[in-house]
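The values are calculated or read from the model by the stated rules, or taken from the named source; none is laboratory data. Keep in mind the model is a prediction, meaning the values are calculated, not measured. A quick note on method: Cβ atoms are made from the backbone with ideal geometry, for glycine too, and the neighbour counts reach across all protein chains shown. Each accessible area value is taken on the protein alone, full model and side chains, heavy atoms only, with ligands, DNA and RNA left out. Shrake-Rupley method; radii C 1.70, N 1.55, O 1.52, S 1.80 Å.
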Amino acid sequence: MTAVHTTDAAVPTNSSAPRRAAPDGAPRRRGGAFDQALPYLLLAPAVVAILWLIGWPVLSVVITSFRKLNLRELTRGEVVWTGLDNYTKILGDPEFWAIAIRTVVFTAIVVAASVVAGLLIALLMRQISPFVRILLQVAMLLAWAMPLLAATTVYQWIFDQQYGILNKTLVKLGFDSFAGFSWFSTGTSTLAVIGLLIVWQAIPFLAFSLYAGAIGIPKDQYEAAGIDGASAWQTFRSVTWPELRPLLLMVTFLSMLWDFKVFAQIWAMKKGGPDGGSTTLPVYQYLEGISKSHFGVAAAVSVVMVALLALLTFQYLRRLVRSQEGAL
């Protein structure tokens, strides 16, 4: 019996074996049309939701600003186009410009005080002991967690003319002129109290945000500055400030957005009084739209507020666009 020997060809069966690379210049296979459109299809639901939840309300406000929409037109379903009459009415009203200037000045002071106080507390938390830092952070968290109306009520009691703890404390310290002193007799003093309340509520967010940025600065930079004999101010200017500047610009921008449209604290404190002395643009918009049922005028005030806010934040928006273009 003759043995028959067969030899099988060595065929690699491992799927992970390296494949031959395509020669240079050979056309490569591209994905189909569906593969190219897949990222846009995945983004489409989010884009539609954003346009519906944000884009449509904004467009509706702009359209309403060109209409006469009082309570009569609203109940009857009438559409009365007035063109630029609503804008002419508010821009030609001296009271509107006084309120607009008051709002801008109030926002600038509150934002500056909030950011400076938050920065100082953030730098302080780097220097104090861990135990004291934890106590400070817990206190700020409790202040941050307090509801707006509750905090406003507390400040009303603190600055009360007859029973306020502030007046009683000042009298015991020898300032007898503060006995029965009214902190809400003028619009300026009322806005000062409201501004102090807003600063107190804003400090926790700013302090925690800036502290997070401060602890991210490498310690060797401070050691190098100390070796060079830099003072505390020189160290802050050459090490801390350059590292915190982008974060500081961002929180300043956010503070401007929030403080410019503050309504709850002002309305709950004195409803824009006394005699409209603490009325800001959000309160003015509420009075026109809700109290007087002039919804078209209120919509025009909203559009002007957005334009004014965009003008105030133009510098930051330009830097933001430039940074995005640089990233691309």
Rounded to one decimal in nm, the spacing of the 7 Å Cα→Cβ label points at Arg319 and Ala44 is 4.0
Rg (one decimal) and Dmax (whole number) from the Cα set of segment 241-328, in Å, equal 16.9, 53
Gyration tensor on Cα atoms of segment 37-179, a ≥ b ≥ c root eigenvalues, a/c under 1.5 rounded, else prolate if a/b beats b/c, else oblate, says oblate
For segment 67-323, averaging the sequence separation of alpha carbon pairs under 8 Å that lie six or more residues apart and dividing by its residue count, the contact order in percent is 28
Here FRET efficiency (C-beta to C-beta, Ile63 to Ala117, R₀ 51 Å, nearest 0.05) is 0.80
Of 187-193, 36-42, ordering from highest average Cβ density within 10 Å down gives 187-193, 36-42
Of the residues Val47, Ala310, Leu84, the Cα lying farthest along the dipole of the chain towards its positive end, which is defined by charges on the beta carbon of Lys, Arg, Asp and Glu, belongs to Val47
Mean accessible area per residue over the chain (1.4 angstrom probe, all protein chains present, square angstrom) is 66
Counting only residues 5 or more apart in sequence or on a different chain, those whose built amide H sits under 5 Å from that of Arg67 are Thr82
Around Val110 (Cβ within 14 Å, Cβ-to-Cβ, excluding Val110; K/R +1, D/E -1) the net charge comes to +1
Of every hundred units of 1.4 Å-probe accessible area on the chain, the number belonging to carbon and sulfur atoms, as a percent, is 66
The FRET efficiency for Met250 and Ser185, from their Cβ-Cβ distance with R0 = 22 Å and rounded to 0.05, is 0.05
Computed for the chain: size of charge dipole around the Cα centre, +1 on C-beta of each Lys and Arg, -1 on C-beta of each Asp and Glu, debye to nearest 20, value 320
Expressed in angstrom and rounded, the centroid-to-centroid distance over alpha carbons for segment 104-120 and segment 291-312 is 24
Here the averaged projected area of the chain, based on the convex hull of its alpha-carbon atoms and given in nm², is 38.8
